[in-house]
Structures are given as structure tokens and as C-alpha cells.
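Reviewing the structure listed below.
The values are calculated or read from the model by the stated rules, or taken from the named source; none is laboratory data. As the structure is a computational prediction, the values presented were derived from the model and not from experiment. Because the Cβ atoms are built from the backbone with ideal geometry, glycine has one as well, and the counts that use them run over all protein chains shown.
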Amino acid sequence: MKSSTAKIIWTITDEAPMLASFSLLPIIQTFTEGTGISVESKDISLAGRIIAAFPENLTESQQVPDELLILSKMTQDPAANIIKLPNISASVPQLKAAVAELKSNGYKIPDFPEDPQNDAEIVVQKRYSKILGSAVNPVLREGNSDRRVSPAVKNYAKRHPHPMGEWSPESKSHIATMSGGDFFANEKSTTIEKETTAKVEFIAEDGKITVLKDKLKIEAAQVVDATFMSNKALDSFLYQQVKDAKKQGVLFSLHLKATMMKVSDPVIFGHCVQVFYAPILEKHEETISKLGVNFNNGIGDLYAKMKSDKIISADKKAEIKVDIKALYESRPDLAMVDPDRGITNLNVPSDVIIDASIPAAIRTSGKMLGADGNLHDTKFIIPDSTYAPLYAATFENCIAHGALDPSTMGTVQNVGLMAKKAEEYGSHPTTFEAPGNGVMRIVDAEGQTIHEHNVEEGDIWRMASVKDDPIRDWVKLAVTRARITGWPAIFWLNDKRAHGRQMIKKVKSCLKEHDTDGLEIMMLSIYDAAKLSIERARAGLNTISVTGNVLRDFNTDLYPILELGTSAKMLSIVPLMKGGGLFETGAGGSAPKHVQQFLEEAHLRWDSLGEFLALAESLSHLARTGNNDKAEVLTKTLNQANDYFLTHNKSPSRIVHELDNRGSHFYLAMYWAKALADQTEDTELQQRFSGLAKELEENENRIVDELNAAQGHAVDLGGYYHPDVKKVTEAMRPSATLNALLTKFRSAAVPGCLGPLYGFGE
């Protein structure tokens with residue numbers, strides 16, 4: 001059989017996926033040893049990126065390379081093969097917490113200056129701005145997205161449907177969104193004819209021009225948008241929703257994605273906090289000002305500032321807390337993140353992420369938790385009306401027809417436009433709060449205005465764009481998926497939206513370049529596309545949603561959560577435009593809760609099935625492109641192992657002293673080894689793995705007992721964002737029997753060449 005050396009990059013990220021890697025990656029490296037496949041790790045965690053950003057502040061031993069930059073360059077290599085696990089899209093509170101932890105561990109990095117006071121702090125803030133929000137994904141996603149459920153996972157979900165709450169036709173739950181003054185209403189869009197550069201300017205009422213962003217490269221045929229959300233329209237909308245929620249007797253719940261849309265959504269969140277708590281802010285304006293509270297970080301910032309403050313009297317702080325408690329009597333009940341701890345929906349912007357929170361609510365009858373710990377009908381507030389119709393159509397369907405049935409429902413795949421920072425994901429550096437009343441505009445190299453808006457101080461203005469090549473690749477991928485599946489492909493494009501009209505023209509033109517005979521390809525508004533997709537799913541029919549970047553994110557959580565109970569089990573494949581492959585492993589939204597349980601009980605319920613599936617796709621890509629026949633055998637046998645894993649239900653339990661993430665890794669290893677021992681295509685692998693398969697089966701009970709016995713106590717990892725490697729290794733690899741068998745096997749595979757596992761050493 002032919003083989004050639006190939007490299008797979010495994011990304012080290014954050015929270016539960018990071019912990020899981022300490023257990024899983026050594027197993028993967030063991031199985032690929034001696035196959036011509038090298039599996040290496042690159043650290044793109046929040047802490048790792050912070051450390052890499054300030055080398056001059058650190059000792060030589062503390063310094064690390066910028067591995068995100070390394071990977072970004074790698075995406076341009078046709079041989080690139082990257083497995084990317086979920087990472088933290090850092091909000092300001094998360095960034096501050098990570099910085100504080102690193103400083104406590106001896107890293108002399110600067111604090112994050114929210115309001116820089118001098119040139120040095122401006123430089124520091126700019127460095128941190130590249131770390132905040134969705135800073136990883138746009139860099140690595142140099143291709144468009146192909147996200148779908150594997151047949152094995154879908155079949156398992158149908159045989160073992162996850163629980164769905166019962167919907168009532170009398171449900172008061174609903175989506176509330178703006179009818180004017182938002183990003184949708186104010187959007188302008190055009191297609192640029194020739195290559196140029198541009199800048200974003202603010203022209204004050206006195207004529208003074210301030211350049212907010214310069215040297216923006218714009219390609220020929222690039223779609224360029226600009227829009228803004230009126231802060232007055234936003235406040236008016238939020239005020240009305242507070243009143244209406246109280247009148248209807250439903251929970252008040254705000255749903256944004258402040259971690260991804262790191263400039264706009266925290267500001268919107270801050271407006272909501274200030275509207276809801278307005279009487280408190282008015283009464284205690286002076287004290288709150290002295291505390292330096294930033295409501296973009298949630299009402300939790302007020303409590304945090306009061307706790308750390310040494311100047312304001314205890315009586316004054318107690319008075320504020322009493323007034324807040326009294327306010328709740330006159331306001332609608334807030335949806336709760338953690339009713340036991342009194343954590344509300346408005347506590348911190350990173351607690352409630354729209355693409356995870358609303359699908360979860362749909363699973364539970366369209367309700368959210370109230371302060372009493374029970375589920376209640378809810379007003380789901382999504383200020384920007386651009387994407388709210390996705391959820392509105394889904395709610396309407398469930399109210400009319402009841403809960404969906406995972407045992408019979410069809411699937412909704414997604415082909416998502418995201419290459420080269422397409423659309424809103426790439427808008428962060430060009431999103432601004434208007435510094436005053438005046439004009440925001442985009443001006444090209446010839447001094448011609450591309451777009452301009454009259455704005456008022458505090459309005460949220462943004463520019464976004466999408467290049468021509470990604471659009472063409474996106475259309476090609478959609479046609480390819482439609483041809484392979486035979487399913488309808490729906491482009492979610494609204495001709496009433498400025499950007500939608502430009503995209504419709506482009507898509508129609510691109511479709512003429514492809515053979516679409518016999519294919520069902522449609523273009524529908526967001527509402528109509530969502531309505532048809534959920535109707536088809538309910539009827540057991542399959543559909544391909546072809547969407548822009550934000551809807552790619554929303555759809556690939558909504559439909560999998562309804563179909564499977566989680567989006568972490570999705571295949572997430574990014575065919576890189578230069579020929580390589582990026583394989584993503586699912587969703588990390590629940591990762592913090594998983595880590596909390598692990599710290600308290602040494603039980604990690606993170607499900608690594610997404611990693612298993614991504615690895616199979618990575619190996620398959622390698623087999624096709626790298627002339628490695630052993631990779632093909634590894635792929636086939638891993639798929640068999642995944643099927644067996646699902647059939648025998650070896651996913652982690654939620655209960656301590658039962659199978660957790662580490663136990664699921666063991667079973668994957670045992671099933672994979674058995675599949676390799678049973679195959680006959682590669683006799684060398686067959687002979688080599690027959691011994692390991694036998695030993696793992698013979699020691700199954702002993703290994704599982706060792707793994708389960710390691711649970712039931714608190715764990716010290718030496719940190720949350722940047723834990724101690726030795727402590728994490730010990731915690732995630734507690735079975736001496738399993739460790740010894742893997743070490744013995746690796747040593748035998750390549751005698752005398754036993755290298756470090758995971759990149760950290762053993």
C-alpha cells in the first residue's frame with residue numbers, strides 16, 4: 001500500500017473541549033503512530049492568544065509563538081488539514097478574567113483598558129481588540145461551510161429521540177423585534193466595480209472630519225454594505241417591550257450574540273440594561289458614575305464594581321441593592337440564567353447567546369426559567385429584525401402544530417457563506433458608536449462616497465462586505481450539495497433588504513455557470529425560508545439551507561438542536577479555497593457548565609462525538625489528497641467505531657461515578673482498535689492492532705472502574721483559562737492501566753521513537 005507523510009493539526013482551545021483533548025489526543029496520536037500521519041497541536045486558546053500578544057512583557061520561558069497567525073498562514077497551503085475545536089469568543093468580562101488569572105500566575109501582561117487614557121493604553125487596547133469576540137473563526141475559515149448531520153448520528157437520533165417539551169396553542173411566548181430604525185431598515189449596499197481602498201470617516205456638525213478606519217482593501221465585484229441602528233429607536237423599542245412583557249405576564253428575555261458581534265451587541269445589551277434599570281440609574285446616577293460602571297458588561301458590572309470599591313459607603317451600596325430588589329416588583333420578571341444564584345438574563349452579555357438559548361427554549365415548549373426555577377412563557381427580544389424572522393417562523397409553527405418529533409423529522413443541512421471574513425463576522429473593525437451628531441461615510445481612494453448615513457451620537461454604525469470569490473465558491477458548494485443529495489437548496493435572501501438585493505443578482509449570475517438541470521433551487525426571504533424548512537422537517541423531508549454568515553451560525557445550532565438535542569454532533573466541514581480542509585467539531589456553548597461540574601465532581605460530561613466525526617472527515621480528506629492508503633483504512637474503521645459507539649450508547653452521562661468524557665474516549669479507542677484488527681485491507685495494521693484490541697477488551701472493566709473511581713471530588717486544575725498542564729494531564733488521564741497499554745503500543749509501533757503526546761510531553 002502507498003503512504004506518504006501527512007500532518008493533521010489539532011487545535012488547543014478552551015474550557016471543556018480543551019480538557020477533553022488531554023484525554024483524547026494521546027489516543028489519536030497512538031493510533032496514527034507509524035502510519036505516516038503526524039498529529040500535532042497548536043494553542044489558539046484565549047489565554048494562549050493573550051500571552052502571544054505581549055512577548056515583551058514576559059520572560060523567555062513564558063513567551064509563546066502566535067499560533068493563530070501560524071494557522072492563518074497554513075490555511076493558504078493546499079496540504080492544510082486542521083481540526084478546530086470550539087473556543088471562547090471572549091466578551092470583555094471573560095477577557096478581564098483571563099488577564100487576571102494570568103497575572104496571578106506570574107504573567108506581567110497589562111490590564112485591558114476599556115477607556116484608554118494615553119497612547120500606550122491605546123496600543124494595548126488595539127492588541128486586545130484582536131483577541132476579543134470571534135477573533136479565531138474568521139481567520140481560519142478561508143472557505144465556506146458545509147454543515148450537516150452524519151447518517152449514523154441522524155439514525156441514532158431517530159431511534160433514540162431526545163425529549164421535547166410540549167407546546168401549547170395558548171402559548172404567549174413570542175419573538176419581539178424592531179419595526180424600524182434598526183440595521184435592516186437603514187442598510188445600504190452596492191457592488192464595487194473596480195479594486196480600490198477605502199476609509200471610514202465621521203463628519204461632525206462643525207465640519208471636522210475624523211478617520212475611524214483607514215486603508216480598507218476592496219476588491220473588484222465586492223459587495224459593500226453600511227447601516228446603523230438608531231439608539232433612540234432602540235431605547236423606545238426596549239421601553240415598549242418592558243411595558244408589554246409586564247402587561248402580558250411573560251418573562252423578559254434579551255437574546256444577542258455579544259461574544260461574536262463584539263462591538264455592536266454589547267452596546268445593544270447595555271442599552272437594554274439601562275432601559276430596564278432606568279429608575280435605579282436615575283436615582284443613583286452620581287454613585288454609579290463614581291463606580292465607573294459599564295452597563296455594556298451587564299448589571300453584573302454594577303455588583304462587581306460595588307464589591308471591589310473601597311470608597312462608596314456600605315450603606316449606599318446596600319441602598320442600591322434594596323432599590324434594585326424593589327424595582328423587580330414593578331418590572332416584568334426576568335428570564336434567569338441561574339435562578340438558584342439569582343443570575344438574570346441581564347447579568348452579563350456572554351451568559352445568553354442567541355443561537356444556543358433560543359433553540360434550547362424551543363425544546364422546552366418555548367419557555368425560559370423564571371426566578372422561581374420553573375419554566376414560563378417568554379418575550380424573546382431580538383432587537384435587529386434582520387434575522388429575527390428565523391425564530392419567529394419556528395415559534396409560529398410550534399404553537400400551531402406542537403413540538404417537533406425527532407424520531408420522524410427531516411434534516412436541514414447548511415451551506416454557509418463565510419470565507420474571507422464574509423459579511424457580519426468581518427464587520428468588527430468597522431463597527432462604531434457614532435461619536436456625535438453628524439455623518440458616517442465610506443470614501444474610496446478617489447474621494448468618492450460609497451455610502452453615508454446621517455447619525456446621532458450613540459447610534460451603532462457598521463460596515464460589512466463580502467468578496468466575489470467566496471460568493472462563487474458558496475454557490476458552487478450549494479449546487480454540489482444539491483446534486484449529491486437530490487434535496488431542495490434554498491438561498492435565504494431577502495429582496496427587501498439592501499444586501500439581499502445585491503446578493504440575489506450575484507447568485508443568479510453564478511448559477512448560470514453551473515449545471516442545475518433537475519435541481520430544485522429557490523430564493524426565499526428569511527421568514528419564508530424558515531417557514532418552509534420547518535414545515536418540511538416536520539413532514540420528514542430534508543432541505544439544504546444556503547445562507548449568509550450569521551444565519552449559517554444560527555441555523556447550524558437551531559436545526560441540529562431540534563433534530564439531535566445538540567449541535568455538537570454536527571459534521572462541520574470547511575473546504576478551504578486553496579485546497580486544504582478545516583474540520584470543526586461542534587458547539588461550545590455549554591462548555592462552562594461542564595467545566596464547573598468537573599471542578600466540583602471530577603466528572604466531565606462533554607461529548608466528544610463531534611471530535612470523533614471531525615477526525616474521520618480529516619482522515620478521509622487526507623486519504624483523498626495525501627496519497628495515504630493507511631489514512632483510508634483509519635477512516636473506514638473509525639466510522640465503524642463511531643457507529644458502534646452510538647449503537648452502544650457510550651456517550652458521557654451527566655451523573656458522577658458513571659461514564660464521563662474520559663470513559664467515552666476509552667470506548668472509542670477499544671471499538672476503533674477492534675475495527676482495525678478485524679479489517680483485511682491492511683495486514684500490517686491488522687496485526688499491529690489485534691494485540692491492542694485484545695488487551696483493551698480484556699481490561700475493559702478494570703479501565704472503566706479506574707476512570708469512574710477518579711470521580712466524586714473537587715479538582716484543582718491550577719486555572720480556568722490557563723490551567724496547569726501537569727494537573728490537567730493527571731486529571732484527564734487517571735487510568736494507569738489504559739495509559740500503560742497506550743504507551744506500550746506506541747513504543748512497539750515505532751521502537752525507540754516514543755515522543756511526547758499532545759505536544760506537552762509525558
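Looking at the range 185-206, can you tell me whether even one residue there is buried (at least 20 other Cβ atoms within 10 Å of the Cβ), under 26 Å from residue 466 (Cβ atoms) and either free of Cβ contacts under 8 Å to residues at least 60 places away in the same chain or under 25 Å from the mean Cα position of the chain (by Cα) (or both)? No, every residue in the range 185-206 fails to be buried (at least 20 other Cβ atoms within 10 Å of the Cβ), under 26 Å from residue 466 (Cβ atoms) and either free of Cβ contacts under 8 Å to residues at least 60 places away in the same chain or under 25 Å from the mean Cα position of the chain (by Cα) (or both).
In the range 226-242, the condition of being charged (D, E, K, R), under 27 Å from the mean Cα position of the chain (by Cα) and either at pLDDT 95 or above or not in a loop (DSSP other than H, G, I, E, B) (or both) is met by no residue.
In the range 450-497, the residue that is farthest from the chain's Cα centre (by Cα) out of those that are closer than 30 Å to residue 258 by Cα and of a type in the set (S, T, N, Q) is 454.
Residue check: residue 115 meets all listed conditions (1) within 23 Å of the chain's Cα centre (by Cα); (2) free of Cβ contacts under 8 Å to residues at least 60 places away in the same chain but one, namely (1).
Considering only residues in the range 332-349 that are surrounded by 22 or more Cβ atoms within 10 Å (Cβ to Cβ) and out of contact with any strand residue (DSSP E or B) (no Cβ under 6 Å at 6 or more places or on another chain), the one that is nearest to residue 563 (Cα to Cα) turns out to be 349.
Would you mind stating whether residue 253 is modelled with pLDDT of 95 or more, small (Gly, Ala, Ser), surrounded by 15 or more Cβ atoms within 10 Å (Cβ to Cβ) and part of a helix (DSSP H, G or I)? When the stated conditions are applied, residue 253 does not pass them. Within the range 668-681, at least one residue is of a type outside the set (S, T, N, Q), over 21 Å from residue 29 (Cβ atoms) and modelled with pLDDT of 95 or more. Selection of the range 17-69 for residues being among the aromatic types (Phe, Trp, Tyr) and closer than 25 Å to residue 710 by Cβ yields 22, 31.
When residues in the range 641-673 are screened for being part of a loop (DSSP other than H, G, I, E, B), in contact with a Leu (Cβ under 6 Å, 6 or more places away or on another chain), of a type in the set (Gly, Ala, Ser) and closer than 12 Å to residue 608 by Cβ, 0 of them pass. Restricting 108, 103 to residues that are more than 28 Å from residue 352 (Cβ to Cβ), of a type in the set (D, E, K, R), surrounded by fewer than 22 Cβ atoms within 10 Å (Cβ to Cβ) and in contact (Cβ under 8 Å) with a residue 24 or more places away in the chain narrows the list to 108. Inspect all residues belonging to the range 623-635 and state whether any of them is hydrophobic (A, V, I, L, M, F, W, C), touching a Leu at 6+ places or on another chain (Cβ under 8 Å) and within 21 Å of residue 19 (Cβ to Cβ). Taking every residue of the range 623-635 in turn, none turns out to be hydrophobic (A, V, I, L, M, F, W, C), touching a Leu at 6+ places or on another chain (Cβ under 8 Å) and within 21 Å of residue 19 (Cβ to Cβ). When restricted to residues that are in contact with a helix residue (DSSP H, G or I) (Cβ under 7 Å, 6 or more places away or on another chain) and over 10 Å from residue 487 (Cβ atoms), the range 538-550 contains 7.
In summary, no strands (runs of 3 or more DSSP E) completely within the range 375-489 bear 3 or more residues that are basic (Lys, Arg), closer than 30 Å to residue 338 by Cβ and at pLDDT 95 or above. None of 332, 359, 349 is within 32 Å of the chain's Cα centre (by Cα), modelled with pLDDT under 95 and not polar (S, T, N, Q) except 349. With respect to the conditions (1) in contact with a helix residue (DSSP H, G or I) (Cβ under 9 Å, 6 or more places away or on another chain); (2) part of a helix (DSSP H, G or I); (3) closer than 20 Å to residue 655 by Cα, residue 691 lacks only one, and its number is (3).
Give the residue that is farthest from residue 153 (Cα to Cα), with candidates limited to residues of the range 651-691 that are among the aliphatic types (A, V, I, L, M) and touching a Phe, Trp or Tyr at 6+ places or on another chain (Cβ under 7 Å). Only one residue tops the list, namely 677.
Of all residues being outside any helix (DSSP H, G or I) and surrounded by 14 or more Cβ atoms within 10 Å (Cβ to Cβ) in the range 150-167, which is modelled with the lowest pLDDT? Just the residue, please. It comes out as 150. Do you know which residues across the range 695-704 are part of a helix (DSSP H, G or I) and either exposed (fewer than 12 other Cβ atoms within 10 Å of the Cβ) or not hydrophobic (A, V, I, L, M, F, W, C) (or both)? Those that are part of a helix (DSSP H, G or I) and either exposed (fewer than 12 other Cβ atoms within 10 Å of the Cβ) or not hydrophobic (A, V, I, L, M, F, W, C) (or both): 695, 697, 698, 700, 701, 702.
Residue by residue, here is whether (1) free of Cβ contacts under 8 Å to residues at least 60 places away in the same chain; (2) surrounded by 15 or more Cβ atoms within 10 Å (Cβ to Cβ) holds:
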position: 677; (1), (2): yes, yes
position: 683; (1), (2): yes, no
position: 686; (1), (2): yes, yes
position: 690; (1), (2): yes, yes
position: 693; (1), (2): yes, yes
position: 706; (1), (2): yes, yes
position: 711; (1), (2): no, yes
position: 719; (1), (2): no, yes
position: 730; (1), (2): yes, no
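When residue 648 is tested against (1) within 19 Å of residue 32 (Cβ to Cβ); (2) surrounded by fewer than 16 Cβ atoms within 10 Å (Cβ to Cβ), exactly one condition is not met: (1).
Of the residues 312, 288, 324, 320, which single one is assigned to a loop (DSSP other than H, G, I, E, B) and either within 19 Å of residue 378 (Cβ to Cβ) or touching a residue at least 12 places away in the same chain (Cβ under 8 Å) (or both)? Sole residue among the options that is assigned to a loop (DSSP other than H, G, I, E, B) and either within 19 Å of residue 378 (Cβ to Cβ) or touching a residue at least 12 places away in the same chain (Cβ under 8 Å) (or both): 312.
Filter the range 219-232 for residues that are of a type in the set (A, V, I, L, M, F, W, C) and in contact with an Asp or Glu (Cβ under 7 Å, 6 or more places away or on another chain); which is surrounded by the fewest Cβ atoms within 10 Å (Cβ to Cβ)?
Filtering the range 219-232 for residues that are of a type in the set (A, V, I, L, M, F, W, C) and in contact with an Asp or Glu (Cβ under 7 Å, 6 or more places away or on another chain), the one surrounded by the fewest Cβ atoms within 10 Å (Cβ to Cβ) comes out as 220.
Can you find a residue that is modelled with pLDDT under 95, buried (at least 21 other Cβ atoms within 10 Å of the Cβ), within 24 Å of residue 520 (Cβ to Cβ) and under 17 Å from the mean Cα position of the chain (by Cα) anywhere in the range 557-569? Within the range 557-569, one or more residues are modelled with pLDDT under 95, buried (at least 21 other Cβ atoms within 10 Å of the Cβ), within 24 Å of residue 520 (Cβ to Cβ) and under 17 Å from the mean Cα position of the chain (by Cα).
Of all the criteria given as (1) surrounded by 14 or more Cβ atoms within 10 Å (Cβ to Cβ); (2) part of a helix (DSSP H, G or I); (3) of a type in the set (Val, Ile, Thr), the one not satisfied by residue 131 is (2). State all residues of the range 291-309 that are touching a strand residue (DSSP E or B) at 6+ places or on another chain (Cβ under 9 Å) and assigned to a helix (DSSP H, G or I); if no residue qualifies, say none. Matches in the range 291-309: 300 only. For the range 575-623, name all the residues that are within 21 Å of residue 154 (Cβ to Cβ), not in a helix (DSSP H, G or I) and not small (Gly, Ala, Ser). If the condition is that a residue be within 21 Å of residue 154 (Cβ to Cβ), not in a helix (DSSP H, G or I) and not small (Gly, Ala, Ser), then 583, 584, 585, 607 are the ones that fit.
The set of residues in the range 66-85 that are farther than 14 Å from residue 578 by Cα and either among the basic types (Lys, Arg) or over 18 Å from the mean Cα position of the chain (by Cα) (or both) comprises 66, 67, 69, 70, 84.
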